[in-house]
Amino acid sequence: MALSRRGFLGVVGAASLASVSDAQTQGESADLVLYNGNIVTVDDAFAIRQARSLVEVRQRRAVAIERPLKPFYLAALTCTGTLLLPLILAASESLHHAHIPPALSATLLERQIIRTFRSFLKGGRRAYPSARELPRQLRALADVNPELAYYLEQSASLASRLISKR
């Protein structure tokens, strides 16, 4: 079911961020995203009203975003998906090198990610801990996985620059 008077928006129940991205690369205007159970629509009052009436049940919400602000929303998805996943992979690999069993590793990672997110919600940038032991960690990682050590070193450097800018 299309939710706009203008071309492709997606199909309720079947749209995904990937299909919207595919449509955009083919030159179509994608104004509606169904992402993690939420419909996000861009700058179309008619589509916003229809989306809200269709999906605002239980925990779902329709969120309106002005067209010029859409890249900021998509950047947030990139940060919490595309860029976060390699950090989780690096953490998982580090636990693997510490001989932590995969099931326990998953539990530890989940707890740490939730703890970090909650700290951020409470303290914002102040929740950022310094990586005092990073040089020692990098030396140990470089012996077993130089690529992982380099990735962590670069990530830590970029994170520190981002945090200290404000």
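For (1) closer than 24 Å to E147 by Cβ; (2) without any contact (Cβ under 8 Å) to a residue 12 or more places away in the chain, each residue gets a yes or a no:
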{"residue": "V63", "(1), (2)": "no, no"}
{"residue": "R67", "(1), (2)": "no, no"}
{"residue": "Y73", "(1), (2)": "no, no"}
{"residue": "T82", "(1), (2)": "yes, yes"}
{"residue": "A90", "(1), (2)": "yes, no"}
{"residue": "H99", "(1), (2)": "yes, yes"}
{"residue": "P102", "(1), (2)": "yes, yes"}
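Is segment 123-146 home to any residue that is over 18 Å from L162 (Cα atoms) and under 24 Å from the mean Cα position of the chain (by Cα)?
Applying the first criterion (over 18 Å from L162 (Cα atoms)) to segment 123-146 yields 133, 135-146.
From the residues that got through so far, the ones that are under 24 Å from the mean Cα position of the chain (by Cα) too are none.
No, every residue in segment 123-146 fails to be over 18 Å from L162 (Cα atoms) and under 24 Å from the mean Cα position of the chain (by Cα).
Scanning segment 132-155 for residues that are within 13 Å of P86 (Cβ to Cβ) and surrounded by 11 or more Cβ atoms within 10 Å (Cβ to Cβ) yields a total of 6. Entry remark, segment 118-163: residues being in contact with a helix residue (DSSP H, G or I) (Cβ under 9 Å, 6 or more places away or on another chain), in a helix (DSSP H, G or I) and of a type in the set (S, T, Y) number 4 in total.
Bear in mind that the values in this text are calculations on the coordinates, not laboratory data. On a predicted model such as this, the values are computed, not experimentally measured, just so you know. Heads up, the Cβs are rebuilt from the backbone with ideal geometry, glycines too, and the neighbour counts pull from every protein chain shown.
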